[in-house]
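Asker: Have a look at this one before I ask anything.
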Amino acid sequence: AFLASGRSHDEQIRCIRETGNHAPTWLLRSALLSSIGLAPPKQSAENFVVFGCYVPFMAIPELQASIRLLQLAGIDYTYSPDKEVCCGAPIWEDTVELVDMKDERREEIQGKCKGFMETNNALGSQAQAINMIYTCHNCASLARRTFAEDDGHHLWIYDLLVDRLRDRTLEIEPATYGYYRGCHRHFPFISNLGWKTYREFLGNIKGLTLID
């Protein structure tokens, strides 16, 4: 995978353990997060947001808009500015896609990724959060697999926004957009998210015309 940048699985795992991130540095990540209008973190909140390693670097406008929607919807949230760790999804995904990987190695890697997820989950527990909210769809998908017995409280940020906004009348200036159904059609790794629900929600916004 291109995110591995030539590193072995062990090198990627070591990077997460030593820095908390799969690749980007905390300094750059913190600088980007501070620029998108985040309120200071609270000691406790109903929802604990996990930003992930790459979303703050690769999807800044989308992240900024999502945070703004949380605020406009009056959604109570907090986060950790410096203790969140990578969920290990770039490595875990290889355990699904590399069919020739030995079972022992697959279990070892998935176990370490579960440990990373549990670290973030513990941060949410410390904040007395009911829900863990992930801005990264890979993090959300992996969390639902890792905590399958409690997957209803591990949400992609759009699950939360759709749930809170679905009964409101939303309207924009008339606009037409092409709708790309996404790579979830090809990668079973993220097939456990509510893709149909997201499309239906967008289709109910007045003024918005979608072309599939």
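Asker: Could you pull out every residue, at least 5 positions away or on a different chain, whose amide H is within less than 5 Å of the one on residue 85? Hs are placed 1.01 Å off N in the peptide plane, and Pro or chain starts have none.
Answerer: It is 120, by chain and number.
Asker: Right, something else. Arrange the residues 98, 28 by how much accessible surface each exposes, largest first, with a 1.4 angstrom probe.
Answerer: On the way: 98 70, 28 100 Å².
Sorted descending by solvent-accessible area, the residues read 28, 98.
Asker: Could you work out, for the chain, what percent of all Cα-Cα pairs fall into each 5 Å distance bin, beginning at 0 Å and stopping at the bin that holds the largest distance?
Answerer: 1, 7, 14, 18, 20, 16, 12, 7, 3, 1, 0
Asker: Still on this structure, please answer the following. Whole-Hz ³J(HN,Hα) for each residue in region 39-53, computed from phi via Karplus 6.51 cos²θ - 1.76 cosθ + 1.60 with θ = phi - 60°, x for glycine and proline: what do you get?
Answerer: Result, rounded to whole Hz: 6, x, x, 8, 5, 8, 6, 5, 10, 10, 8, 10, 7, x, 6.
Asker: Give or take rounding to whole Å, what are the principal axis extents of the alpha carbon atoms in region 82-187, in descending order?
Answerer: 54, 37, 27
Asker: Where does each of 145, 199 land when they are ordered by accessible area, with a 1.4 Å probe and the largest first?
Answerer: Values: 145 95, 199 60 Å².
Ranked from most to least accessible, the order is 145, 199.
Asker: Please name whichever of 50, 161, 117 sits farthest to the positive end of the charge dipole of the chain, dipole taken about the Cα centre and charges placed at Cβ: Lys and Arg +1, Asp and Glu -1.
Answerer: 161
Asker: Would you please state which residues of region 45-74 a label at residue 168 would reach in this model, taking the label point 7 Å out along Cα→Cβ and a backbone N cut-off of under 15 Å?
Answerer: 65-74
Asker: Please list the non-local residues whose amide H lies under 5 Å from the amide H of residue 59, H modeled 1.01 Å from N, same-chain partners needing a gap of 5 or more.
Answerer: Result for residue 59 returns nothing.
Asker: Students often forget the sequence filter, so: which lysines lie under 22 Å Cα-Cα from residue 114 once same-chain residues fewer than 8 apart are removed?
Answerer: In chain and number order, the partners are 83, 102.
Asker: Now for a separate question. Relative contact order (percent) for region 1-158, with alpha-carbon contacts under 8 angstrom and 6 or more residues of separation? Can you show the working numbers first?
Answerer: Numbers: 210 pairs, mean separation 42.2, N = 158.
Computed over region 1-158, the figure is 27 percent.
Asker: How would 103, 212 rank on accessible area, largest to smallest, probe 1.4 Å?
Answerer: Values: 103 100, 212 120 Å².
Sorted descending by solvent-accessible area, the residues read 212, 103.
Asker: Could I ask something else about it? Positive end of the charge dipole of region 29-136 (Lys, Arg +1 and Asp, Glu -1 on Cβ, about the Cα centre): tell me which of 38, 86, 66 has its Cα farthest that way.
Answerer: Result: 38, furthest along the dipole toward the positive end.
Asker: Mind checking the per residue accessible area of the chain for me, 1.4 Å probe, whole number of Å²? Don't skip to the answer; put the middle values down first.
Answerer: Values: 11530 Å² over 212 residues.
Roughly 54 Å² per residue, with all protein chains present.
Asker: Compute, for residue 151, the solvent-accessible surface of its heavy atoms (probe 1.4 Å) with the complete set of protein chains present, and express it in square angstrom to the nearest 10.
Answerer: Only protein atoms counted, so the area is about 70 Å².
The values are calculated or read from the model by the stated rules, or taken from the named source; none is laboratory data. None of these values were measured; they are calculated from a predicted model. Heads up, the Cβs are rebuilt from the backbone with ideal geometry, glycines too, and the neighbour counts pull from every protein chain shown. We work out accessible area using only protein heavy atoms, side chains counted, and drop any ligands, DNA or RNA first. Shrake-Rupley method; radii C 1.70, N 1.55, O 1.52, S 1.80 Å.
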